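Here's the structure, in structure tokens; my notes come after.
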Amino acid sequence: MGMVRLSVTWLKPRRLEFEREQRERADRERQLSIFRAKVDVLQRNMKAWQENRELRAFIKAVETAASERPGAIEQRKPINEWLEWARSLADWNDPMGKFLDSLEKGSQS
């Protein structure tokens, strides 16, 4: 009979405490995993944004350099075509709109 009392008075509360600690640990690990995923998304989007800004700065530098070169408008047609193409690429590849859309949807991808 003494073992039954020991089990009820000592072991059951310990088991309940152990189970509570395991749930808390699992919850902390889940929260940490979510945090890490959010940081990863932030870093990927920040890098993509920086690369897009660098691309736009390069396009602007090409445009500025081309405008300073002497020559007829007809001779600049390939440059203007390239600038148009490069701007279209930068617009298409701009991560900000996609990132904002994902935040609004709650996916943060």
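What do you reckon, is Ala48 surrounded by 12 or more Cβ atoms within 10 Å (Cβ to Cβ), modelled with pLDDT of 95 or more and of a type in the set (Gly, Ala, Ser)?
Here the answer is yes, as Ala48 does meet what is asked.
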Residue in the range 17-28 that is within 30 Å of Phe99 (Cβ to Cβ) and assigned to a helix (DSSP H, G or I) present: yes
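Can you confirm whether Pro70 is modelled with pLDDT under 90 and either in contact with a Cys (Cβ under 8 Å, 6 or more places away or on another chain) or not in a helix (DSSP H, G or I) (or both)? So that I can check it myself, show each step before the final result.
Working: modelled with pLDDT under 90: yes; either in contact with a Cys (Cβ under 8 Å, 6 or more places away or on another chain) or not in a helix (DSSP H, G or I) (or both): yes.
Spelling it out, Pro70 is indeed modelled with pLDDT under 90 and either in contact with a Cys (Cβ under 8 Å, 6 or more places away or on another chain) or not in a helix (DSSP H, G or I) (or both).
The values are calculated or read from the model by the stated rules, or taken from the named source; none is laboratory data. Computed from a predicted structure; not experimentally measured. Methodologically, a virtual Cβ is constructed for each residue, glycine included, from the backbone with ideal geometry; neighbour enumeration extends over all protein chains shown.
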